[in-house]
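First comes the structure, then the notes that go with it.
The values are calculated or read from the model by the stated rules, or taken from the named source; none is laboratory data. What you are looking at is a predicted structure, and each value in this text was computed from that prediction instead of being measured. For neighbour counting, all protein chains shown are included, and Cβ atoms are generated from backbone atoms with ideal geometry for every residue, glycine included.
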Amino acid sequence: MLQIRNCCPTFIFFLLVAMPITFAHNQKTKVLLPEQLKAFVSENMKQKLAAFDEIVDSLSQDKLHHASEIAEHYFGQGIHGNELSQYMPDGMKRFNNELIAASSHFSRIAKTGDTLAAMHSFKAISNTCITCHSTYEFGANP
């Protein structure tokens with residue numbers, strides 16, 4: 001399992017400080033979940049954040065096959081399982097499908113060994129994550 005403590009400090013700073021400031025003025029749609037499922041989603045998102053950072057690191061070292069494997073494992077199946085999908089609004093489900101497609105495309109490109117093309121295709125994963133996280137947030141049912 002990926003360790004969050006190994007993530008690039010600049011990237012973590014961006015996600016924890018800069019992104020919330022950037023999106024602070026946006027009105028997000030709250031998706032209510034049972035408390036136990038919310039805890040699972042939170043842990044799963046932390047793992048995906050670490051995976052995202054590992055992909056960036058792998059790209060910077062021309063380890064494209066490894067980046068491809070990480071993308072397939074952590075993003076290729078979408079964000080979560082069937083239990084969560086019953087709570088997801090249609091727009092979130094569309095983002096999930098876009099994430100799966102972007103991950104699959106990135107993986108294929110990375111396996112060609114073309115670093116520049118892989119970096120370019122990784123942007124679709126990043127854009128999907130940013131757009132979804134700026135649109136939705138998970139909350140717990142009271």
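The requirement of being at pLDDT below 95 and either under 19 Å from Leu37 (Cβ atoms) or surrounded by 19 or more Cβ atoms within 10 Å (Cβ to Cβ) (or both) is not satisfied by Leu64. Restricting attention to the range 103-127, and to residues there that are among the β-branched types (Val, Ile, Thr) and in a helix (DSSP H, G or I), which single residue is farthest from the chain's Cα centre (by Cα)? Checked the range 103-127; the qualifying residue farthest from the chain's Cα centre (by Cα) is Thr115. Counting the residues of the range 42-73 that are out of contact with any Leu (no Cβ under 9 Å at 6 or more places or on another chain), assigned to a helix (DSSP H, G or I) and among the acidic types (Asp, Glu) gives 4.
Checking each residue in the range 87-102 for being touching a residue at least 40 places away in the same chain (Cβ under 8 Å) and either surrounded by fewer than 16 Cβ atoms within 10 Å (Cβ to Cβ) or in a helix (DSSP H, G or I) (or both) picks out Pro89, Gly91, Met92, Phe95. For the residues Ser126, Ser121, Ser104, the requirement of being in contact with a Gly (Cβ under 8 Å, 6 or more places away or on another chain) and under 15 Å from Gly76 (Cα atoms) singles out Ser104.
Test Gly76 against the stated conditions and say whether it is assigned to a loop (DSSP other than H, G, I, E, B) and either within 10 Å of the chain's Cα centre (by Cα) or at positive phi (or both). Step through it out loud before you land on a result.
Working: assigned to a loop (DSSP other than H, G, I, E, B): yes; either within 10 Å of the chain's Cα centre (by Cα) or at positive phi (or both): no.
So Gly76 does not fit the description; no.
Where residues in the range 128-142 are in a helix (DSSP H, G or I) and in contact (Cβ under 8 Å) with a residue 60 or more places away in the chain, which of them is surrounded by the most Cβ atoms within 10 Å (Cβ to Cβ)? By that ranking, first place goes to Cys129.
In the list Ser107, Ser134, Ser103, Ser58, which residue meets the criterion of being on the phi < 0 side of the Ramachandran plot and touching a Ser or Thr at 6+ places or on another chain (Cβ under 6 Å)?
Details: Ser134 fails: touching a Ser or Thr at 6+ places or on another chain (Cβ under 6 Å); Ser103 fails: touching a Ser or Thr at 6+ places or on another chain (Cβ under 6 Å); Ser58 fails: touching a Ser or Thr at 6+ places or on another chain (Cβ under 6 Å).
After applying the criteria, what remains is Ser107.
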